[in-house]
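One structure is given below, encoded as structure tokens.
The values are calculated or read from the model by the stated rules, or taken from the named source; none is laboratory data. Quantities reported herein were computed from a predicted structural model and do not represent experimental measurements. Here Cβ is always computed from backbone atoms with ideal geometry, including for glycine, and neighbour counts include all displayed protein chains. Side chains included, ligands, DNA and RNA excluded: accessible areas come from the protein's heavy atoms. Shrake-Rupley method; radii C 1.70, N 1.55, O 1.52, S 1.80 Å.
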Amino acid sequence: MPPDAYAKELDRLWEQVRPLYTSLHAYVRMKLVETYGKDVVPEKGPIPAHLLGNMWAQQWSALYPLLAPKDADPGYDLTKILVEKKTDARQMVRTGEGFFTSLGFGPLPKSFWERSLFTRPRDREVVCHASAWCIDWVDDLRLKMCIEINAEDFATVHHELGHNVYQRAYNRQPFLFRDSANDGFHEAIGDTVALSLTPEYLVKIDLLPKTPPPGKEIGYLLNLALDKIAFLPFGLLIDKWRWQAFSGEVPEARWNQAWWDLKRKYQGVVPPMARTEGDFDPGAKYHVASGTPYSRYFLADVLQFQMHRALAKTAGCATPIHTCSIYGNKEAGARLIKMLEMGQSRPWPDALEAVTGQRQMDATAILDYFAPLQKWLDEQTKGVPKGW
Ligand SMILES: [Zn+2]
């Protein structure tokens, strides 16, 4: 795909989901106005970035307690359950492995359990940012993660194992093809599986005694949206900024201004205080400083819902897709495995087609998944200004 077409493709996907983001933004702003007052949060303008509970304002779930719907909370706390059950780090990974084997993937090799790092060592400093490795490009799979016993790390374990099973699935391809179909795929696989960690699934593996009563899904969806939907414009703008900087479209003397212009345009956020070109705020993002491409995370966000929708259908799930879990479904697993085994040997539309039947990336699955939330958000924000 030529570079310009790629940039256009990202814009197309963003336009598909922008209405949902705008609704979420309006709801969050309304609640922040209630909490901090109009003098701090403008009723119609962009949100001051420091109120969103994350240094880059890229994921907002830290605000969930402030935003939680009163009568639609799912009524369970996975972190509490894991702690009460005295789950340890190794068991968290075993549970993650169990999801993948239920789909038809082979168990992780013995060496994985011997050579991985699951907990923060007491005797030395290590990089604790979670990562998944295949040391010999065949089957020396390893996880490096300082696992904390909470819901977030429970999902992260699945994310990382998604990398590991992908690495092993393409290990019979010629060396140059041992990578993901496009940049977004590697990041999307584990997250696709993590979308199946529904209350129904938690009941099946004995983590939850019974499923929450119907109508309580809004809290679950809102919490997820505060991470996945809030992230979309951020995931889009990092590379937009980088392309402008590298092409010279924005001269170095305006790098910081251009950063905040994009933040305002796409995320609808502003800095809490005046910034100057003496500041270099983009450099506070690890991936900018390290030169790591970023639109992969935007694509992964889109792809995981598209794949989840398709795999849920393959698994015969007829209920709303946010309630579907592909756990234990070998047919869905076979589709996924077929795609992973291709590695980079085919153009990515072929890989996408193997799982979804579609050759185009499609963000409408996000709208399907969050349809009940969109309706709820619009009810909550009736008469409240939208946009900025
Ligand atoms: Zn990852």
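Quick check: anything in the stretch 150-157 away from the ligand (no atom under 12 Å from the Cβ) and outside any helix (DSSP H, G or I)? Looking through the stretch 150-157, at least one residue is away from the ligand (no atom under 12 Å from the Cβ) and outside any helix (DSSP H, G or I).
The listed residues are THR101, THR79, and the only one of them that is polar (S, T, N, Q) and under 20 Å from the mean Cα position of the chain (by Cα) turns out to be THR79. Among helices (runs of 4 or more DSSP H) entirely within the stretch 287-388, having at least 3 residues that are within 18 Å of the chain's Cα centre (by Cα) singles out 295-314, 364-369. Checking each residue of the stretch 165-178 against the condition of being touching a residue at least 12 places away in the same chain (Cβ under 8 Å), away from the ligand (no atom under 13 Å from the Cβ), touching a Leu at 6+ places or on another chain (Cβ under 8 Å) and not basic (Lys, Arg) gives at least one match. Being open to solvent by less than 40 Å² (accessible area, probe 1.4 Å), in a loop (DSSP other than H, G, I, E, B) and within 16 Å of the ligand (Cβ to nearest atom) is a property that holds for ALA181. Scanning the stretch 184-215 for residues that are open to solvent by 10 Å² or more (accessible area, probe 1.4 Å), hydrophobic (A, V, I, L, M, F, W, C) and within 15 Å of ARG309 (Cα to Cα) yields a total of 2. Within the stretch 340-369, residues that are touching a residue at least 24 places away in the same chain (Cβ under 8 Å) sit with their Cβ atoms under 7 Å from residues that are open to solvent by 40 Å² or more (accessible area, probe 1.4 Å) and among the acidic types (Asp, Glu), at 6+ positions apart or across chains, in these pairs: GLY343/ASP179; GLN344/ASP179.
Pairs meeting the criteria (first residue in the stretch 127-151 and open to solvent by 60 Å² or more (accessible area, probe 1.4 Å), second residue within 13 Å of the ligand (Cβ to nearest atom), beta carbons under 6 Å, at least 6 apart or on different chains) are ARG142/TRP133.
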